[in-house]
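The values are calculated or read from the model by the stated rules, or taken from the named source; none is laboratory data. Note that the coordinates shown come from a computational prediction; the quantities given were computed from them, not determined experimentally. No Cβ is skipped: glycine too gets one built from the backbone with ideal geometry, and neighbour counts run over all protein chains shown. The accessibility values were calculated without ligands, DNA or RNA, using every heavy atom of the protein model including side chains. Shrake-Rupley method; radii C 1.70, N 1.55, O 1.52, S 1.80 Å.
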Amino acid sequence: MPRAFTPKVVTANALLEGDVVYLTEDDRWTRQLTEAELIEDEAHAQLRLLDAEMRPGQVVGPYLADAVAGPDGPAPVHFRETFRATGPSNYAHGKQVESKNV
Amino acid sequence: MYRYTDFDAAFLAERNAQFRAQVARRIDGSLTEEEFKPLRLMNGLYLQLHAYMLRVAIPYGTLNSAQMRQLAMIAERWDKGYGHFTTRQNIQFNWPKLADVPDMLDALAEVGMHAIQTSGNTIRNVTADHFAGAAADEIADPRPVAELIRQWSTDHPEFQFLPRKFKVAVTGAPNDRAVTAAHDIGLRIVARDGQIGYRVLVGGGLGRTPMIGKVLADFVPGEDLLPYLESVVAVYNLLGRRDNKYKARIKITVHETGIDEIRNMVGDEFAMRKAAFAGIDQRMLSEIESHFAPPAYETGGTESFDITYAINPAFRAFVDTNVDKHRQEGYAIVSVSLKAHGATPGDATAEQMRVMADLAETYAHDELRISHEQNVILPHVPRRHLPRIYAALRRAGLATANIGLISDIIACPGMDYCALATARSIPIAQEIATRFEALKLEQDIGPLKIKISGCINACGHHHVGHIGILGLDRAGVENYQITLGGDGTEEATIGERAGPGFGAEDIVPAIERLVHAYLDLRDDPEETFLQTYRRLGIAPFKAALYPAEAKADAA
Ligand code: SF4
């Protein structure tokens, strides 16, 4: 039996800053996972990944990451994606400080 | 210390100009990431979890104050005000922006530094004993030959596409502080009948398949060393497996081919290659050696030291723990710990870098070293300056007296930064250090090396930690596996796996049980953790780690 599709977001690293970005429904790259498009359909996921791969001038290494619907928008499933979404745990660097200024 | 020649400077300037143009072409869209990635990696630029990372080589860990200050400037101007020193004696900047990297490389070139061959399947930064040129037990300074190897291997046309990366370490002392047995090639300087030569170890390495290097040659005379090394790498270049990344390192080649067969092949290769060297390497070496002449040692009294040592217990603790014997009367080697309890192992702020640079320049013959244990060394310190150095370090938060103790932990960046990680390492190191600081047990426990890696690649050397910790991803949860009894010295040993791993909340209590078991089991306070482990074997430590299982077995 094929495995049931689990919801995904398209994520990558920004070309210039290298930081983690997510693809939104309206084709922007956002720094916030909560603003990402949560994709519930497998065929659509593949299409969105192709869309992302067509923008090599903006991002590096797009891929589909598991996510779930949370109260504020998509939330990470795996702890790696949690760290990518928040930043390192030893310093208040990266998204955890930048998000305050958004 | 070695100074770049005009040739080196011109070579670096050209490489940096090339890379500047490549970055511009990537940004304007003329280069795809597939095209650009190998180019950026050749220049030490990685893309990690949250940002790019620039890895800068510090050849054999040696720096002067101008170089250290430049690293501080780079950290402040283009990064977040700090740098991370690694187990390969490199420094990594964790937050550069792509467009800034060419400027960073130019700034490095101003002080003769670069990021070339800190990545890719090439011969990487040559590492050496961080006490080189200063240690009391040294036969000869390993840095001139390390520099010779650096010059020979940099941009060596035959060795730009090896089957896999290739790491060389050199020690000039019988007490191996450079973990030579865990390198693709480990060189140990030895003396035989008054002649200096090299014992050549091959096929050591950690990672997925940890192996201790095997002796390929017991004694290679100095004039044969470079052609001999070239022969080893040439044999590997042909034999090494390019079909399987996990079997591509020379340790697997040696394992599959057999050390005797490798030795024969290297011998044949050597016979062909030796003539081509025609002594050029030896002329280069003697030129290089002149750059590594010992400093002009002073002869001052040590009264200020003696008085402070007698009356200041904190200073005494610092000296007893962080200061080593120098070969020169009246001198000492100072290890500056980058492991303040609760801090990130190996990180130094720009301000701290400047303090260390100033101290080196003012008091210590302008020399600094980076150790593979992620600390900074002032190798040539007149003892009379120790009180002043201590006071300055203390003001900068750099006087933690824990070298070689339980909180002097090696930790790789792990999943806080590294894209390859399967779990975090830094928070585990921070918690262990903070916990044992709170227990006030550190001095009582004595010498104990904990080493933590955030994945099987073992950059944190966990296999050779007395206690090794490996972070893994077990079904989407961080899990930490313990190995025991590893040793990175001349008696190199790969640690033994203790049993099932522990969750992130359980790993620190597990380490605590282990250490308490040691304190109960040791014959006397002089017996170290490793000695107790070797005397009793793994069983009592396992029982401490897994008390429930031990009880069930007893029932
Ligand atoms: S051991 Fe793994 S996680 Fe740690 S730095 Fe090396 S590759 Fe990254």
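For every residue, the table says whether it meets (1) in the same structural domain as B:G454 (by TED's automatic domain parsing); (2) surrounded by fewer than 19 Cβ atoms within 10 Å (Cβ to Cβ); (3) under 22 Å from B:T489 (Cβ atoms).
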site	(1), (2), (3)
B:E158	no, yes, no
B:L187	no, no, yes
B:Q195	no, yes, no
B:Y228	no, no, no
B:L239	no, yes, no
B:K247	no, yes, no
B:K251	no, no, yes
B:H255	no, yes, no
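Taking residues in the range B:406-419 that are without any contact (Cβ under 8 Å) to a residue 24 or more places away in the chain, and partners anywhere that are open to solvent by 10 Å² or more (accessible area, probe 1.4 Å) and more than 8 Å from the ligand (Cβ to nearest atom), not one pair has Cβ atoms closer than 7 Å while being at least 6 places apart or on different chains. Of the helices (runs of 4 or more DSSP H) entirely within chain A, those holding at least 2 residues that are crowded, with 22+ Cβ neighbours inside 10 Å and within 14 Å of chain B (Cβ to nearest Cβ) occupy A:79-86. Outside the structural domain of B:S371 (by TED's automatic domain parsing), open to solvent by 50 Å² or more (accessible area, probe 1.4 Å), modelled with pLDDT of 95 or more and out of contact with any Cys (no Cβ under 9 Å at 6 or more places or on another chain): does that describe B:Q67? Judged against the criteria, B:Q67 is not a match. Restricting to the range B:18-31, what's the tally of residues that are open to solvent by 60 Å² or more (accessible area, probe 1.4 Å) and without any contact (Cβ under 8 Å) to a residue 24 or more places away in the chain? Number of matching residues: 4.
Every residue, every condition in (1) under 14 Å from the mean Cα position of the chain (by Cα); (2) farther than 30 Å from B:Q430 by Cα, yes or no:
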site	(1), (2)
A:L49	yes, yes
A:A52	yes, yes
A:P62	yes, yes
A:A65	yes, no
A:H78	yes, no
A:N90	no, no
A:G94	no, no
A:E98	no, no
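Residues in the range B:421-448 that are within 13 Å of chain A (Cβ to nearest Cβ) and either buried (at least 24 other Cβ atoms within 10 Å of the Cβ) or assigned to a helix (DSSP H, G or I) (or both): 12 in all.
Quick check, is B:E373 within 16 Å of the ligand (Cβ to nearest atom), in a loop (DSSP other than H, G, I, E, B), open to solvent by 10 Å² or more (accessible area, probe 1.4 Å) and more than 14 Å from chain A (Cβ to nearest Cβ)? Spelling it out, B:E373 is indeed within 16 Å of the ligand (Cβ to nearest atom), in a loop (DSSP other than H, G, I, E, B), open to solvent by 10 Å² or more (accessible area, probe 1.4 Å) and more than 14 Å from chain A (Cβ to nearest Cβ). Residues that are touching a helix residue (DSSP H, G or I) at 6+ places or on another chain (Cβ under 9 Å) and away from chain A (no Cβ under 13 Å) within the range B:33-52 comprise B:L39, B:M42, B:N43, B:G44, listed in sequence order. Given (1) under 22 Å from B:L285 (Cβ atoms); (2) hydrophobic (A, V, I, L, M, F, W, C); (3) under 25 Å from the mean Cα position of the chain (by Cα), where does B:F270 come up short, assuming only one miss? The failed condition is (3).
So that you can scan it fast, the table gives a plain yes or no per residue for (1) touching a residue at least 12 places away in the same chain (Cβ under 8 Å); (2) within 14 Å of chain A (Cβ to nearest Cβ); (3) under 20 Å from B:D281 (Cβ atoms):
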| position | (1), (2), (3) |
| --- | --- |
| B:I74 | yes, no, no |
| B:H114 | yes, no, no |
| B:F131 | yes, no, no |
| B:Q151 | yes, no, yes |
| B:P157 | no, no, yes |
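Among the residues of the range B:408-420, none qualifies, meaning not one is buried (at least 24 other Cβ atoms within 10 Å of the Cβ), more than 14 Å from chain A (Cβ to nearest Cβ), outside any loop (DSSP other than H, G, I, E, B) and within 8 Å of the ligand (Cβ to nearest atom). The single residue among B:E329, B:E261, B:E269 that is outside any helix (DSSP H, G or I) and over 20 Å from B:R143 (Cα atoms) turns out to be B:E329. Please determine whether any residue of the range B:307-322 is more than 23 Å from B:H84 (Cα to Cα) and outside any helix (DSSP H, G or I). Checking the range B:307-322: at least one residue is more than 23 Å from B:H84 (Cα to Cα) and outside any helix (DSSP H, G or I). The strands (runs of 3 or more DSSP E) found entirely in the range B:449-510 include none that carry 3 or more residues being more than 14 Å from chain A (Cβ to nearest Cβ), at pLDDT below 95 and within 13 Å of the ligand (Cβ to nearest atom). The number of residues in the range B:197-226 being farther than 26 Å from B:P163 by Cα and either assigned to a loop (DSSP other than H, G, I, E, B) or open to solvent by less than 10 Å² (accessible area, probe 1.4 Å) (or both) comes to 1.
Among the candidates B:K37, B:K80, single out the residue that is closer than 30 Å to A:E81 by Cβ, assigned to a helix (DSSP H, G or I) and open to solvent by 20 Å² or more (accessible area, probe 1.4 Å). Result: B:K37 is the single residue among B:K37, B:K80 that is closer than 30 Å to A:E81 by Cβ, assigned to a helix (DSSP H, G or I) and open to solvent by 20 Å² or more (accessible area, probe 1.4 Å).
Per-residue answers, yes or no, for (1) within 23 Å of the chain's Cα centre (by Cα); (2) surrounded by 16 or more Cβ atoms within 10 Å (Cβ to Cβ):
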position: B:I311; (1), (2): no, no
position: B:A314; (1), (2): no, no
position: B:V323; (1), (2): yes, yes
position: B:L338; (1), (2): yes, yes
position: B:A364; (1), (2): yes, yes
position: B:L368; (1), (2): yes, yes
position: B:L386; (1), (2): no, yes
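Screening B:I403 with (1) at positive phi; (2) aliphatic (A, V, I, L, M); (3) open to solvent by 10 Å² or more (accessible area, probe 1.4 Å) gives one miss only, at (1).
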